[in-house]
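S.K.: After the structure tokens below, expect a handful of questions from me.
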Amino acid sequence: MSKVDLNKQNKRNSLLTNAYDLFVNQGFNKTTISDIAKHSGLAKGTFYLYFKDKYDLRDELIARKSAQLLLEAQQAMKIRPVPIKGLEDYLLAMVDYVLNYLQRNKMLLKFITKNLSWGIFRHAVEKQTGGSTSNNLGEFYDNYLMALKADNYECDDPELLLFTIIELVSSTSYSCIMYDSPCSMEAYLPHLHQTIHLILEGYRLPKKQEQ
């Protein structure tokens, strides 16, 4: 990488880092592009060399933070003392890791959940990876698809099923983690596990009867 490219990358990363700090501390709506540029030590005009507007920057932050978290969870699965057994075990282990992480990092939870939508996330990730999810999210999604097939589930739209589970986990866990409402995350987790189990069972093919 040339010095020019390295300088551009450093400026872009500085904008992202300082924007995230501002968003979580004073809120997205109250943060201006001038604030982001000032805290990054850059001129306001420099911001527009890297991002169309602060929504564009926010979308990339969401993709980066979310993808980093999923990647960490994926790595944790590889060194898990107890081997993963099937799709349900895989998804529940990923959910548990992510929720435990977010309980320790509530500001990240607040930022992601208040801003994340499936469309924004998909668009931003595709923008990062040049039109595919082969980098951060590819391994997770590939493992999901392989487990779905191996465990004898039949689903016409696997992405929609995954969307449903992610949205369920995100929306219901937010209040439990942030406000202990309607109960603590520890009390809610068994109910969440059971709900995910029942959703998956709706897609499981019946076992063939022995002859």
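Read-outs: derived from the displayed coordinates by stated rules, not from any lab. Model, not experiment: these values are computed from the prediction. Please note: Cβ atoms are built from the backbone with ideal geometry, for glycine as well, and neighbour counts cover all protein chains shown.
S.K.: Estimate the FRET efficiency between K52 and T32 by the formula 1/(1 + (r/R0)^6), using the beta-carbon distance for r and 22 Å for R0, to the nearest 0.05.
M.R.: 0.90
S.K.: Ranking request for peptides 86-97, 184-195: highest mean number of other beta-carbon atoms within 10 Å first, then the rest in descending order.
M.R.: 86-97, 184-195
S.K.: Can you check how the C-alpha radius of gyration of the chain compares to 2.2 N^0.38 Å, as a plain ratio?
M.R.: Working: Rg = 19.7 Å, N = 211, 2.2 N^0.38 = 16.8 Å.
So the chain has a normalised radius of gyration of 1.17.
S.K.: A follow-up question, please. At 0.36 nm per residue, minus the direct Cα-Cα distance, what do R204 and T113 gain on full extension? Give it in nm, one decimal, please.
M.R.: Extra length available between R204 and T113 comes to 29.8 nm.
S.K.: K3 versus N105, label points 7 Å from Cα toward the beta carbon: distance in nm?
M.R.: About 3.5 nm, to one decimal.
S.K.: Next question. As a check on your grasp of the helix formula, calculate [θ] at 222 nm for the chain: sum -39500 (n - 2.57) over DSSP H runs of n ≥ 4, divide by the residue count, round to the nearest 500.
M.R.: Numbers: 10 runs with 152 residues, N = 211.
The per-residue figure over the chain is -23500 deg cm²/dmol.
S.K.: Dipole size in debye (nearest 20) for segment 3-114 around its Cα centre, Lys and Arg Cβ +1, Asp and Glu Cβ -1?
M.R.: The dipole of segment 3-114 has a size of about 340 debye.
S.K.: Rounded to the nearest 20 Debye, what is the dipole magnitude of the chain about its Cα centre when Lys and Arg each give +1 and Asp and Glu each give -1 at the C-beta? All intermediate terms of the calculation are to be shown ahead of the outcome.
M.R.: On the way: 25 positive and 24 negative charges, 223 e Å.
That gives the chain a dipole magnitude of about 1080 debye.
S.K.: What's the local net charge at Y20, with K and R +1, D and E -1, over the other residues with C-beta under 10 Å away?
M.R.: Here the count lands on +2.
S.K.: Compute, for segment 1-49, the length of the dipole vector about the Cα centre, with Cβ point charges of +1 (Lys, Arg) and -1 (Asp, Glu) only. Units Debye, rounded to 20.
M.R.: In debye, rounded to 20, segment 1-49 gives about 140.
S.K.: Let me ask you something else. From the C-alpha coordinates alone, can you work out the Kirkwood hydrodynamic radius of segment 136-175, in Å? Can you show the working numbers first?
M.R.: Numbers: mean 1/r = 0.0893 Å⁻¹.
Kirkwood radius, segment 136-175: 11.2 Å.
S.K.: So what's segment 1-77 giving for Cα Rg divided by 2.2 N^0.38 Å, two decimals?
M.R.: Rg over 2.2 N^0.38 Å, computed on Cα atoms: 1.20.
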